[in-house]
Amino acid sequence: MRIQALTDKLREERTLSDAEFEELFAILSQGASGPCADQVRICNDIPQAVCSPEEAVLYGAARQVREEYYGKDVYLRGLIEFTNYCRNDCRYCGIRRSNRNAERYRLSKEQILDCCAQGYALGFRTFVLQGGEDLSYTDEKICDIVSSIRSLYPDCAITLSIGEKTRESYKAYKDAGADRYLLRQETSSPAHYRYLHPEELTIENRKRCLADLKDLGYQVGCGIMVGSPEQTLSNVIEDLRYMRDFGPHMVGVGPFIPHRDTPFRDEKPGTLKDTLHLLAVIRLMLPGVLLPATTALGTIHPVGRELGLLAGANVIMPNLSPVNVRGKYLLYDGKICTGDEAASCRSCMDRRIERAGYRTALVRGDCAGFAAE
Ligand code: SAM
């Protein structure tokens, strides 16, 4: 089978030529012939989740590779969405500056520490602080929050996801105790980047940020939205090449989902299948990478995250934000888990992970082979 040859080559050489990538994605996007055994186990009677024999080959190889690096472990990250104020106006994002309908909120340091306390008691050993680019959190405030978490929870990893900053700011956060940073490049193509973002944001600065973060010793996550408006296959191939050259420790890949108060309100969402294909390809290209099955994937399909795990993902990021603000951090329409308490999210996630044939690992969950200097 041609899919076997392409999968083997990707696994061995960790890349393909443009023509081979195009062929691989064309084979994968051909009609699915029925649910494959692994998917049936978790999907029961959900008929949309079908997987062709070709996809089964790719996903099987991706799972084998993830198990070589991480066994059956799935790492949990406690996500604290601490502000939905943002100075940026990204055209896809529900918390963009010009969305007057967004009900804005900020969490105080005490509220953030409460989330961490609750998360720690539930077994989380990584906290992810994510927010819009909210200048009211000065570097001093961020450093104060990070160093408090660091001294209260020395055995936990602290991840920041707060956008584009200067190298000096990134260094200050690192010195205060941050370990990891998530900053998706969103798209590596300058023209596509220009289409998705306002004038003042550039792909050059995004990549500069990622390079600085890596150089400063963070475990760094980049990534893209699948099926964002005007995204082409050649954009995706360019992203894969960028990721391979950059060598991230984490890759965040989830479907684009429209938000009703953005210019992209009428655009089509990214698909389950395209997202699963990309997760599996990334697992084969970057075998030891931390790869989340995202909330957006769980939003477009009832068992999207489980299917993500079966395609090579090894991280899940349950929400630890206080329930009264969850429904306000709406990047896209229909976001799941906006009403659940952290404890019920945690046990729901355990069940989902088990159903997919994996187990929750209550550890920091660093990137395989990552050694901080
Ligand atoms: N401000 C930080 C940044 O720029 O990295 C972190 C917050 S930002 C809202 C987190 C991620 O949400 C973005 O990297 C983007 O990929 C994702 N996102 C935003 N709008 C989305 C949408 N409509 N559909 C899917 N993902 C979206």
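Are any residues in the range 163-217 within 13 Å of Ile142 (Cα to Cα), surrounded by fewer than 22 Cβ atoms within 10 Å (Cβ to Cβ) and not acidic (Asp, Glu), and if so, which ones?
Once the filter is applied, which keeps residues that are within 13 Å of Ile142 (Cα to Cα), surrounded by fewer than 22 Cβ atoms within 10 Å (Cβ to Cβ) and not acidic (Asp, Glu), the range 163-217 yields Gly163, Lys165, Ser169, Lys171, Ala172, Lys174, Ala176, Gly177.
If you go through the range 287-303 one residue at a time, how many are in contact (Cβ under 8 Å) with a residue 24 or more places away in the chain, buried (at least 22 other Cβ atoms within 10 Å of the Cβ) and not in a helix (DSSP H, G or I)?
The qualifying residues number 6.
Does Val65 count as touching a Ser or Thr at 6+ places or on another chain (Cβ under 7 Å) and modelled with pLDDT of 85 or more?
no
What's the total number of residues in the range 242-261 that are of a type in the set (Val, Ile, Thr) and more than 7 Å from the ligand (Cβ to nearest atom)?
Of the residues in the range 242-261, 2 are of a type in the set (Val, Ile, Thr) and more than 7 Å from the ligand (Cβ to nearest atom).
Listed here are the residues, each with its yes/no results for (1) buried (at least 18 other Cβ atoms within 10 Å of the Cβ); (2) assigned to a loop (DSSP other than H, G, I, E, B); (3) away from the ligand (no atom under 14 Å from the Cβ).
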site: Glu67; (1), (2), (3): no, no, yes
site: Glu81; (1), (2), (3): yes, no, no
site: Asp89; (1), (2), (3): no, yes, no
site: Tyr92; (1), (2), (3): yes, yes, no
site: Ile95; (1), (2), (3): yes, yes, no
site: Arg100; (1), (2), (3): no, yes, yes
site: Arg104; (1), (2), (3): no, yes, no
site: Ile112; (1), (2), (3): yes, no, yes
site: Cys115; (1), (2), (3): yes, no, yes
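If we scan the range 178-197, do we find a residue that is aromatic (Phe, Trp, Tyr), touching a residue at least 40 places away in the same chain (Cβ under 8 Å) and farther than 22 Å from Asp239 by Cα?
For the range 178-197, residues aromatic (Phe, Trp, Tyr), touching a residue at least 40 places away in the same chain (Cβ under 8 Å) and farther than 22 Å from Asp239 by Cα: absent.
Give me the residue from the range 217-227 that is under 18 Å from Thr299 (Cβ atoms) and in contact with a Pro (Cβ under 9 Å, 6 or more places away or on another chain) and, out of that set, nearest to the ligand (Cβ to nearest atom).
Going through the qualifying residues, I end up with Met225.
Between a first residue in the range 261-274 that is touching a residue at least 24 places away in the same chain (Cβ under 8 Å) and a second residue that is assigned to a loop (DSSP other than H, G, I, E, B) and among the aliphatic types (A, V, I, L, M), which pairs have beta carbons less than 6 Å apart while being 6 or more apart in sequence or on different chains?
Cβ pairs passing all conditions: Pro269/Ile257.
Name every residue in the range 273-299 that is out of contact with any helix residue (DSSP H, G or I) (no Cβ under 6 Å at 6 or more places or on another chain) and over 19 Å from Ala61 (Cβ atoms), in order of residue number.
Passing the criteria: Pro292, Thr294, Thr295, Ala296, Thr299.
Give just the number: which of (1) assigned to a loop (DSSP other than H, G, I, E, B); (2) within 15 Å of the ligand (Cβ to nearest atom) does Pro154 not satisfy?
It fails just one condition, (2).
Filter the range 158-169 for residues that are within 13 Å of the ligand (Cβ to nearest atom) and not in a loop (DSSP other than H, G, I, E, B); which is nearest to the chain's Cα centre (by Cα)?
Ser161
Name the pairs: first residue in the range 89-108 and within 19 Å of Phe256 (Cα to Cα), second residue more than 12 Å from the ligand (Cβ to nearest atom) and small (Gly, Ala, Ser), Cβ to Cβ under 9 Å, at least 6 apart or on different chains?
Once the first residue is within 19 Å of Phe256 (Cα to Cα) and sits in the range 89-108, its partners that are more than 12 Å from the ligand (Cβ to nearest atom) and small (Gly, Ala, Ser) give Asp89/Ser98.
Suppose we filter the range 39-62 for residues that are aliphatic (A, V, I, L, M), modelled with pLDDT of 85 or more and surrounded by fewer than 24 Cβ atoms within 10 Å (Cβ to Cβ); how many remain?
Residues flagged as aliphatic (A, V, I, L, M), modelled with pLDDT of 85 or more and surrounded by fewer than 24 Cβ atoms within 10 Å (Cβ to Cβ) within the range 39-62 amount to 3.
What single numbered condition from (1) crowded, with 19+ Cβ neighbours inside 10 Å; (2) modelled with pLDDT of 95 or more fails to hold for Asp366?
(1)
Looking only at residues that are away from the ligand (no atom under 16 Å from the Cβ) and in a helix (DSSP H, G or I) in the range 118-140, which one is farthest from Glu341 (Cα to Cα)?
Glu140
Can you name the residue in the range 262-284 that is over 15 Å from His197 (Cα atoms) and touching a Lys or Arg at 6+ places or on another chain (Cβ under 8 Å) and is also farthest from the ligand (Cβ to nearest atom) among such residues?
This residue is Leu284.
Does the range 316-335 hold any residues that are more than 15 Å from the ligand (Cβ to nearest atom) and either buried (at least 19 other Cβ atoms within 10 Å of the Cβ) or in contact (Cβ under 8 Å) with a residue 12 or more places away in the chain (or both), and which are they?
Ile316, Pro318, Leu320, Pro322, Val323, Gly327
Does Val57 fit the bill of being away from the ligand (no atom under 14 Å from the Cβ), among the hydrophobic types (A, V, I, L, M, F, W, C) and more than 23 Å from the chain's Cα centre (by Cα)?
So Val57 fits the description; yes.
The values are calculated or read from the model by the stated rules, or taken from the named source; none is laboratory data. Values in this document were obtained by computation on a predicted structure and should not be read as measured data. Neighbour counts run over all protein chains shown; Cβ positions are idealised from the backbone, glycine included.
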